[in-house]
1. Could you put B:Tyr197, B:Tyr251, B:Tyr314 in order of accessible surface area, largest first, with the 1.4 Å probe and the full protein assembly present?
2. What's the center-to-center distance, using Cα atoms, between the stretch A:177-205 and the stretch A:99-144 in Å?
3. Starting at 0 and stepping by 10 Å, how many percent of the alpha carbon pairs of the stretch A:27-68 end up in each bin?
4. Return the long-range amide H neighbours of B:Val62 (sequence gap of 5 or more, or a different chain), with a cut-off of under 5 Å between placed amide H atoms.
5. What nm value, rounded to one decimal, do you get for the distance between B:Asp363 and A:Glu124 when each label is placed 7 Å out toward the C-beta?
6. If the only charges are +1 at each Lys and Arg Cβ and -1 at each Asp and Glu Cβ, what is the size of the charge dipole of the stretch B:67-219 around the Cα centre, to the nearest 20 debye?
7. Over 17 Å, how big is the tail of the calculated P(r) for the stretch B:140-226, in percent of all Cα pairs?
8. Give the whole-number value, in cubic angstrom per residue, of the convex hull volume spanned by the C-alpha atoms of the stretch A:250-387.
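The values are calculated or read from the model by the stated rules, or taken from the named source; none is laboratory data. Quantities reported herein were computed from a predicted structural model and do not represent experimental measurements. Cβ sites come from the backbone with ideal geometry, for glycine too, and all protein chains shown count toward neighbours. Just so you know, the surface numbers come from the protein's heavy atoms only, side chains and all, with ligands and any DNA or RNA stripped out. Shrake-Rupley method; radii C 1.70, N 1.55, O 1.52, S 1.80 Å.
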Number of protein chains: 2
Amino acid sequence: MSDLTRNAVEALPEGMLAKQLQGDRPLRVKLGIDPTTADIHLGHTVVLEKLAEFQRDGHTVVLIIGDFTARVGDPSGRSSARPLPSAEEIEANAATYQEQAFKVLDRERTEVRFNSEWLRMEPEALLGLLAQTTVARLLERDDFQKRMGANQPIAALELLYPLLQGYDSVAVEADVELGGTDQKFNLLFGRDIQGAYGQKPQSILTMPILVGTDGVQKMSKSLGNYVGVTDAPEEMFGRLMSIPDEAMAEYYRLLFGSEQPGSPPNEAKRELARRLVDRFHGEGAGAAAEESFNRVFVDRGAPEEMPELDLGPYMDDGGSQVHLPRLLADGFEISASEGRRLIGQGGVKLDGEPVAATALDLDAGELSGRVLQAGKRRFLRLVGGPA
Amino acid sequence: MSDLTRNAVEALPEGMLAKQLQGDRPLRVKLGIDPTTADIHLGHTVVLEKLAEFQRDGHTVVLIIGDFTARVGDPSGRSSARPLPSAEEIEANAATYQEQAFKVLDRERTEVRFNSEWLRMEPEALLGLLAQTTVARLLERDDFQKRMGANQPIAALELLYPLLQGYDSVAVEADVELGGTDQKFNLLFGRDIQGAYGQKPQSILTMPILVGTDGVQKMSKSLGNYVGVTDAPEEMFGRLMSIPDEAMAEYYRLLFGSEQPGSPPNEAKRELARRLVDRFHGEGAGAAAEESFNRVFVDRGAPEEMPELDLGPYMDDGGSQVHLPRLLADGFEISASEGRRLIGQGGVKLDGEPVAATALDLDAGELSGRVLQAGKRRFLRLVGGPA
């Protein structure tokens, strides 16, 4: 048996999880993820890895895809009400989330549930749920206190969130719920709601929040400092090589549960990147990505750190073609005609290979993760592109 | 055309109603009543009379029976969350409310709607409604501010109330909404919700709150100081005769829209009682009730004011029989055996007539509204009884 509280920030109530683990029955261990963005990123996998540990000890993971709660919006850690994703986005994301989660979780020991199954309840049942708590209790959470203090609005809808996600615990009869430290209020609230519905309240386990590739803020799609679990091997490798040395130890600790090796930082970072690419793309994918990285950065004199350019805004309506002169103009702050001239002279390269003079419109899927070079000393890493 | 703002406390926004009344189209004038108690009382009729005035000018009244909102609970004027009526109580009350309202309203110009028709909405629609406002806006209302100041709990469910009743205005496309002054927040909130749903916001008209028969607190079923519109003529007459002289002018003003007559207070009060009994029981019923009142109170030496005893707790399980010795024991604080002795001696009277020595169990329906007398000087008015 592994020490399931290793790396965790808090396990509450104190001693409860240890007692639960002494029982004979496999525990039902809940994780809720709202499909608000297209991809699961490495930050999510900190909790997923911990769930995989529970599975290796014989417990059942209940993965809740919050297709209903995504329409309400989790206020956790928000300084303002966020724009909600559309129903179509939620549906599309929900469909891919479970496949992404299975890059870490054991399919056989995972129960996947969509919370619209029980949250699309009769209005009377929803009123019954609302009757279980007071406004004061709902406003206790730190993020709301901060917003009230700053006179920033809290949407009435946001109040509903902890009630709904707490009811998820009732619906799946969770014994344990996991989440990031920013979920502590929600997880504890789940205990209240389970108690109100006559269930034994779950224990909760909070995990640290992984810092993004900038080494400063939490990893988040909207901050652009994330590594998605479906990112192409080269893009994933390159992004991981861009994290500051100081953040490396935390990546090792939270993603591998081990210490950073004693090797020089650049070596340790390459090992980290190789192992993570292997994890999400299969054994050997890391080494291949590293070779490609070397071709560009080491053999061709490209720096290991460079600005990134998101392909998203450059894709035409059809969604796949990118007009290279426009990319050059914006990315390197040159005129479109200078861009065309450079292409014609063989001065524009992709991963070190000159772009053909006739290739003005390129496939965005082919560009993503590659390094765009203009002249000898200007480099950009192309990221994003088609979902 | 009558002056529709006569007696009103506020008509908001200023000047809007006057402008609406200049149009050609009959206005849709909304009143919402939650069927939380069995009967409509005179307090409710202040607003109903005003609606009847709108009808006489050709407008349409939309009477909303809040069978759904009754399950949420209107926080207006409450110092704490109240216990909610059961589904069965609501259903029973809803069935009788409209008949009671037609004692004042013109059936031909009234559209009766139950708000479960639109409030039993899909959860997505309910979320959409909740997204229309902020927590701060919902907590602005005076009653909540007072409760927060006193650290008294506000149920999360109570927050929902103004949103739901505001949506009623959207559903029926109200031009004007009426209510007591305690409804001002809710009525104004209806304007917000109409605006959010792309409708022209209604104007609102608030009416004064009628004081109860105690002359002090607002008329309310739960305070026991009310006159129900379905009360028996004798009970209605007797209860109205018990209001303090000082409250009479307000009753005249709010229920008849006229000044208190210059006659001596006792005469003016009798006229008030006669006219109201006539209103709810038909022409002549007032004079008959007064005669019965005289037989008891004037001819037999009973006082015009006396304590009331609620028959409710004395009805047996079947619901209709009352055991007279128990009533005497509790009502006059004598022993049951003394009660039986008094009955045997002909010393117990109902409306001045001695009760037969063998009549120990009496029908509660027959007792309600009558005066129970023990010996020469002890009197009680019996109230309540079967619904």
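1. Per-residue accessible area, sorted high to low, gives B:Tyr197, B:Tyr314, B:Tyr251.
2. 10
3. 28, 52, 19, 1
4. Long-range HN contacts for B:Val62: B:Val29, B:Lys30, B:Leu31, B:Glu111.
5. Going from the B:Asp363 label point to the A:Glu124 one covers 3.5 nm.
6. 500
7. Distances greater than 17 Å cover 59 percent of the Cα pairs.
8. Working: hull volume 17.6 nm³, N = 138.
Value for the stretch A:250-387: 128 Å³ per residue.
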